[in-house]
Structure formats: structure tokens, C-alpha cells
Amino acid sequence: MLFGRSGREENVNSDRIPPGQRLTDKFPVLHYGSVPQFDRATWDLKVFGLVEEPLAFSYDQFLELPATRIVADIHCVTTWSKLDTIWEGVLFRELINSVQVDPEARFVMVHCEQDFTTNVPLEVLMDDDVLLAHRYDDQPLTPEHGYPLRLVVPKKYFWKSAKWVRGLELMAQDRLGFWEVRGYHNNADPWKEERYS
Ligand SMILES: Nc1nc2c(c(=O)[nH]1)N[C@H]1C(S)=C(S)[C@@H](COP(=O)(O)O)O[C@H]1N2
Ligand SMILES: [Mo]
């Protein structure tokens, strides 16, 4: 069932549902390709590009960074929205504060397992609700939802919330990611219905 359990529930939350979206209580799984294996011994998160010195966090090092818990509404371009999703992880801006970013860096290419990418302006990622999440609903992320690490950018359509993140590339110029190259809108604001370009 895609809609909320009652019409009333939907009315109550209507100001939280962007145009063309419908509520779901489920958590659909959507991605290109297969679910990658996680090997804690070899996994790393690389920060590279326009930085003073490229960095690589092991999973243990990543988990030592201060954790934050957020509650956010998420909106998928395929028209489902889900309210009050609970994520825990490291704020993007917390992670990037441990890196010397060159002043000309304005965009980030998020690199994932199996060559999935998505591009996001650095300013968007510095928001106080943008998380590199390793927990969902007070449990470890499940493999199909991005374990061990996914990006969560609640203010954009959910394809920008890349699963299985392995790299953050700081860039001066924007470059299009996997779905953005294939016709998805570069800005992806659900409130403006920026679905396809
Ligand atoms: N690595 C990777 N991340 C990805 C995708 C993908 O294909 N590969 N698909 C995106 C899309 S299109 C959506 S809608 C969301 C779905 O997240 P979910 O499966 O946790 O609901 O993941 C996004 N992150
Ligand atoms: Mo999607």
C-alpha cells in the first residue's frame, strides 16, 4: 500500500509531501547493479581532489568520528516519500572539517562501489542534516540500503543519497554523476519537482 493508512494521516502530513509524491510506510530498495560485499580489513573512505592532502579513513577510524542522529523525510524520484526516517552517522561537515579543502572547491563527486557516482554542490553537503550514515532506524544499515556507509541528503531526491560510498572528490567545476548523465535533474529539489532535465 502506497498511501498512508488513513486519509486523515495524509492530511495531517500534507505540508511535508512534495508535489507528485505519495507516502509509503515501506522502505523500497532501489539501485543499479548488485549489492557489494563489505570487507572491513580493506574498506576505506577516500577524500581526494582539491584537498591539501588526500586522506583515507579505515572503517574503524570513521567510526571514531563524532556521531549524529537525524530524523528526516526522504523523497524518491519514483514518487514515494517516507516521513521521519532515523539515521545515525557522521555529519558530512564534521568529516570535511578534518580535511584541508582548497578554497576553489565548490562541488563534490561522491564515488561508490561498482562505479556509481552522484554530484552535489559542496554548499549543499555542508547543511546540518547531511550525514554519512552507518545506522538506520537504530540498527546497523542493511546491505541493500547501503551498508557499511551511505550518504543521506534529505533535501534532494533520494538518488543523491548514494549507497556504499567509498570516495569524496572535491572539485572546482561541476561534473555529472551516474543518473545525472542519464537525464536526471542536476539540482534534484523535490519541492520544485526537479526530476528530469
Ligand atoms: N551506490 C548506489 N547508490 C544509490 C543508487 C545506486 O544505484 N547505487 N541508487 C540511488 C537511488 S536511484 C535511490 S532511489 C536510492 C534508494 O535507496 P534505498 O534502496 O535505500 O531506498 O539509492 C540511491 N543510491
Ligand atoms: Mo531512485
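Readers should treat all values here as calculations from the given coordinates under stated rules, not as data from a laboratory. Being a predicted model, the structure only gives us computed values, none of them experimental. Please note: Cβ atoms are built from the backbone with ideal geometry, for glycine as well, and neighbour counts cover all protein chains shown.
Numbers at a glance
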| read-out | value |
| --- | --- |
| DSSP-defined beta bridges in the range 42-192 - what % are antiparallel, rounded to 5 | 90 |
| Against the rule of thumb 2.2 N^0.38 Å, how large the Cα Rg of the range 114-194 comes out | 1.09 |
| Burial order of peptide ranges 161-167, 137-143, 109-115 (average beta-carbon count within 10 Å, highest first) | 161-167, 109-115, 137-143 |
| Efficiency of FRET from Cβ geometry, M126 and N186, R₀ 30 Å, rounded to 0.05 | 0.95 |
| Test item: Cα-centred dipole of the chain, Lys/Arg +1 and Asp/Glu -1 on Cβ, debye | 680 |
| Estimated FRET transfer efficiency (Q100, H31; beta-carbon r; R0 30 Å; 0.05) | 0.35 |
| Computed [θ] at 222 nm, deg cm²/dmol, the chain (DSSP H ≥ 4; -39,500 (n - 2.57); rounded to nearest 500) | -2500 deg cm²/dmol |
| Convex hull (Cα only) mean projected area of the range 42-192, reported in nm² to one decimal | 8.6 |
| Alpha carbon centroid spacing (whole Å) that separates the range 160-197 from the range 68-137 | 12 |
| Selection of GluC sites (Glu not before Pro), the range 32-88, meeting DSSP coil and at most 10 other Cβ within 10 Å | E52 |
